[in-house]
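Notes to accompany the following structure.
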Amino acid sequence: MQVTVIGAGIVGVCTAWSLAEAGCEVTVIERNRGVAQETSYGNAGMVAPAYATPWAAPGMPTRLLSMLFATDSPVRFQPTLDPALWRWVVRWLGECRTTRFKRNKERMQRLAFYSRDVLAGMRSGHGIAYERTEGLLQLMRGERDVTMAQTTIAFLKEAGIAHQVMSPAECRVREPGLSDIAFSGGIHLPDSETGNCPLFAKHLKTLCEERGVRFEFGTTVEQVQTEGDRVRLRTSTALGEDHRTPDAIVIAAGISSAVLLRQFGVRLPLYPVKGYAASVAIREPTFAPLASVMDEAYKVAIVRMGNRIRIAGTAELGDCQLSLETRNAERALATVLKVARDWFPGAANYQGASWWVGARPMLPDGPPVLGPTRHPRIFANLGHGSTGWAMAPGSGRIVADLVTQRKPAIDLEGLTLARYA
Ligand SMILES: Cc1cc2nc3c(=O)[nH]c(=O)nc-3n(C[C@H](O)[C@H](O)[C@H](O)COP(=O)(O)OP(=O)(O)OC[C@H]3O[C@@H](n4cnc5c(N)ncnc54)[C@H](O)[C@@H]3O)c2cc1C
């Protein structure tokens, strides 16, 4: 069976791998010159299934409103006249109700835990090294964070997820590089991990090629056309246009997936939510994080990646330009730097950091869309939002199962296009 995967982000590469493992003849089409050059490039690297949570949560609208006007706010909203933005916002507000939140969270975690196990199998089965560290420490600055954390702690207990609530002193034992900043404590999630997502994607691409997967870089899918039960792709390169008719296609085009879906009549409220990151070489390991920490007040992650630190977070909705030259970008980067300097001031010369902006492919309710679309030969693997790296290995396996008509290992309730029908 000939299958074409559109997009070589982490989701597309993992899909290609699982399809090849299932015996398919796989081609990956990617407009960039390599794998993981867009949203998968500079993320925080967290694979934290217990932390996989919808952003549409009870109390979140009020919390966001209170944060919007602070100069160091981790959230920015730039209203525009784009109707798709407002449709997304309205739907997102509806998903903040407690019942919806619980349902969406369960769906995300079902996939994220499965994905963690698939990732572990790939790692041990093929010896993929990707600057992995173990454990995630959520840090609470003050009483407000502690109050907010009670729901998380109750959930962790109820779900039987390993965790330890820690005093500031206990946090410092786990992360000795932490500064002398006064804070209220933390929650440690030992089963979470962090890894370099683009490095993993690069290694997996090599393994894919060893199994015969073809990567066509510098090639853009311009149009997905359907003719009865057949599917036809119009692609372009610097040399001209081409057409192909594979047996099946998988759309794993990140934020651009919505455009491709619309071409055969599927409308999804997929919207980019921008985030920013800084990467900087460690100057003194004594003062650097050993694994990963998450500042719960600012929702900024500080993560050890080899001999570098990655600091990533913030959310910006409205302006879709991926530019580091805007006023909002300047503010977001200042927030990211502030958080790093608060917790690990001596770890690096932060002025020398390299900056990045990426767009999370976000659906308003949280979980991605996997599997069949309205056309029998077109499959989706998209909308992974803020947890695409954590969900990619599992999503890839599930979509490959569906393409090859095998039964996925987990229940797909709420993880398919059916919920938007
Ligand atoms: C600041 C930040 C921090 C994050 N932290 C984490 C984290 O800690 N853990 C986590 O799990 N997730 C995190 N994420 C989210 C994660 O990075 C994304 O969910 C994930 O990268 C999405 O992967 P993707 O493959 O769907 O998209 P992408 O990586 O964007 O890949 C899509 C690919 O499709 C290609 N493409 C699109 N259209 C076409 C076309 N027409 N023709 C050819 N090619 C096309 C693009 O060029 C691109 O390479 C973070 C995101 C941000 C912004």
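Every read-out reported here was derived from the displayed coordinates using simple, explicitly stated rules and does not represent laboratory data. Fair warning: this is a prediction, and the values are worked out from it, not measured in the lab. Because the Cβ atoms are built from the backbone with ideal geometry, glycine has one as well, and the counts that use them run over all protein chains shown.
Along the axis of the charge dipole computed for the chain (Cβ charges of +1 for Lys and Arg, -1 for Asp and Glu, origin at the Cα centre), the listed residues ALA288, THR235, HIS126 are led at the positive end by THR235.
Multiplying the residue separation of ALA84 and ASN307 by 0.36 nm and removing their Cα-Cα distance gives an extension gain of 76.2 nm. Extending 7 Å from Cα along the Cβ direction at HIS126 and again at THR404 yields two label points whose distance is 1.3 nm.
Subtracting the Cα-Cα distance of ASP180 and SER323 from their residue separation scaled by 0.36 nm leaves 48.0 nm. When ARG103, ARG267 are arranged by Cβ crowding within 10 Å, least crowded first, meaning fewest neighbours, the order is ARG267, ARG103.
Note on the chain: with a GNM built from Cα contacts shorter than 10 Å, the maximum mean-square fluctuation among GLY42, GLY352, GLY318 falls on GLY352.
Per-residue Cβ neighbour counts within 10 Å put TYR41, TYR114 in the sequence TYR41, TYR114, beginning with the fewest. Taken over region 1-106, the convex hull of the Cα atoms encloses 188 Å³ per residue. Size of region 120-178 from its Cα atoms: along the principal axes, largest to smallest, the extents are 45, 31, 15 Å. Just report the Cα centroid separation between region 259-317 and region 168-209, whole Å. Computed from Cα coordinates, the inter-centre distance equals 12 Å. For region 150-217, a simple Cβ point-charge model (Lys and Arg +1, Asp and Glu -1, everything else neutral) yields a dipole of about 140 debye relative to the Cα centre. Our coupling estimate for region 245-251, obtained by passing each phi through the Karplus curve with A = 6.51, B = -1.76, C = 1.60 and θ = phi - 60°, is 10, x, 6, 8, 10, 10, 8 Hz, Gly and Pro reported as x.
Other residues whose C-beta falls under 12 angstrom from the C-beta of LYS205 contribute a net charge of 0, scoring Lys and Arg +1 and Asp and Glu -1. When ASP411, ASP365, ASP191, ASP180 are sorted by how many other C-beta atoms sit within 10 angstrom of their C-beta, beginning with the fewest, the order is ASP180, ASP411, ASP191, ASP365. Placing +1 on the Cβ of every Lys and Arg and -1 on the Cβ of every Asp and Glu, with no other charges, gives the chain a dipole of roughly 580 debye about its Cα centre.
From its DSSP helices (H runs of at least four residues, each -39,500 (n - 2.57)), the chain gives a residue-normalised ellipticity at 222 nm of -10500 deg cm²/dmol. How many percent of the alpha carbon pairs in region 209-331 exceed a separation of 22 Å? Percentage above 22 Å: 60.
In loop segments of region 238-327 as defined by DSSP, there are no chymotrypsin sites (Phe, Trp or Tyr not before Pro) with at most 14 further C-beta atoms inside 10 Å of their C-beta.
Counting only DSSP beta bridges with both residues in the chain, the antiparallel share comes to about 70 percent. Global size of the chain: 20.8, 66 Å for Rg and Dmax (C-alpha atoms, Rg to one decimal, Dmax whole). In the calculated pair distance distribution of region 159-222, what percentage of Cα-Cα distances lie above 20 Å? When every Cα pair of region 159-222 is considered, 58 percent fall beyond 20 Å.
Taking a point 7 Å out from the Cα of ALA159 in the direction of its Cβ, the residues of region 104-136 whose backbone N falls within less than 18 Å of it are 104-120, 135-136. Scaling against 2.2 N^0.38 Å puts the C-alpha radius of gyration of region 1-42 at 1.13.
Under 5 Å between amide hydrogens, built in the peptide plane, is the criterion, and for VAL75 it picks out ALA315 among residues at least 5 positions away or on other chains. Counting 0.36 nm for each residue step from THR245 to GLU134 and taking away their Cα separation leaves a gain of 35.6 nm.
Working from label points 7 Å from Cα in the Cα-to-Cβ sense, the ARG267 to THR71 distance is 4.3 nm.
Expressed as a whole number of Å, what is the distance separating the alpha-carbon centroids of region 128-167 and region 1-54? Cα centroid to Cα centroid, the span is 28 Å.
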